[in-house]
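Worksheet: the structure to be examined is printed underneath.
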Amino acid sequence: MDDTRGITVKVPTELHGRARQEQESLALTMSSYITMILEEHFNTDRKGGNGMDKTRTLAFQVSNELFQRLKAHLARNPGMTQKSFVLGLIEQALQEAEGSISE
């Protein structure tokens with residue numbers, strides 16, 4: 001396991017609520033979420049560009065009903081993660097769309 005250190009900070013209540021909502025929508029622990037944000041911050045070109053050539057974050061909100069259906073599906077498929085499921089759907093849809101364009 002990587003060597004880790006803790007960070008304790010106080011932030012405005014409204015900002016905390018927004019962070020918590022996004023962290024939960026991404027299904028990350030708070031530790032993983034803050035690590036992701038810090039890595040994005042330090043990998044960002046100070047001129048406004050993003051230095052993260054290998055990965056980008058994709059975040060979106062869904063209805064509670066759809067979220068519960070997704071969680072139930074993942075519970076029935078223990079080896080599958082939310083990330084792998086969504087990435088698989090995106091890849092499949094892009095392959096289908098790109099295939100139909102070239103025909």
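The values are calculated or read from the model by the stated rules, or taken from the named source; none is laboratory data. This is a predicted model, so every value here is computed, not measured. Here Cβ is always computed from backbone atoms with ideal geometry, including for glycine, and neighbour counts include all displayed protein chains. Accessible surface areas use protein heavy atoms only, side chains included; no ligands, DNA or RNA. Shrake-Rupley method; radii C 1.70, N 1.55, O 1.52, S 1.80 Å.
Using a probe radius of 1.4 angstrom, the carbon and sulfur fraction of the accessible surface of segment 1-41 is 54%.
The lysines whose alpha-carbon is closer than 29 Å to the alpha-carbon of LYS54, local same-chain residues fewer than 8 away aside, are LYS71, LYS83.
Please give the net charge around THR35, taking every other residue with its beta carbon less than 12 angstrom from that of THR35, where Lys and Arg add +1 and Asp and Glu add -1.
Working: positive: ARG5; negative: ASP2, GLU39, GLU40.
Charge balance near THR35 sits at -2.
Given the alternatives (1) 1.52; (2) 1.35; (3) 1.23, Cα Rg over 2.2 N^0.38 Å as computed for this entry is given by (2). Largest accessible area first, the listed residues GLU14, GLU22, GLU40 line up as GLU14, GLU22, GLU40 when surface is computed with a 1.4 Å probe on the assembled protein chains.
Ordering PRO78, GLY17, ALA27 by Cα displacement along the dipole of the chain toward the positive end leaves GLY17 in first place; charges were set at the Cβ atoms of Lys, Arg (+1) and Asp, Glu (-1).
Taking the solvent-accessible surface of protein heavy atoms with a 1.4 Å probe, what is the per residue accessible area of the chain in Å²?
Values: 9140 Å² over 103 residues.
In whole numbers, the chain has 89 Å² accessible per residue.
Compute the length gained on full extension between LEU58 and ASN43: take 0.36 nm times their separation in residues and subtract their Cα-Cα distance, giving the result in nm to one decimal. Could the numbers behind the result be given before it?
On the way: separation 15, 0.36 × 15 = 5.40 nm, distance 1.62 nm.
Going from the current span to full extension adds 3.8 nm.
Set the Förster distance to 30 Å, then compute FRET efficiency between ILE34 and HIS73 from the Cβ-Cβ distance, nearest 0.05.
On the way: r = 28 Å, r/R0 = 0.93.
For R0 = 30 Å, the calculated efficiency reads 0.60.
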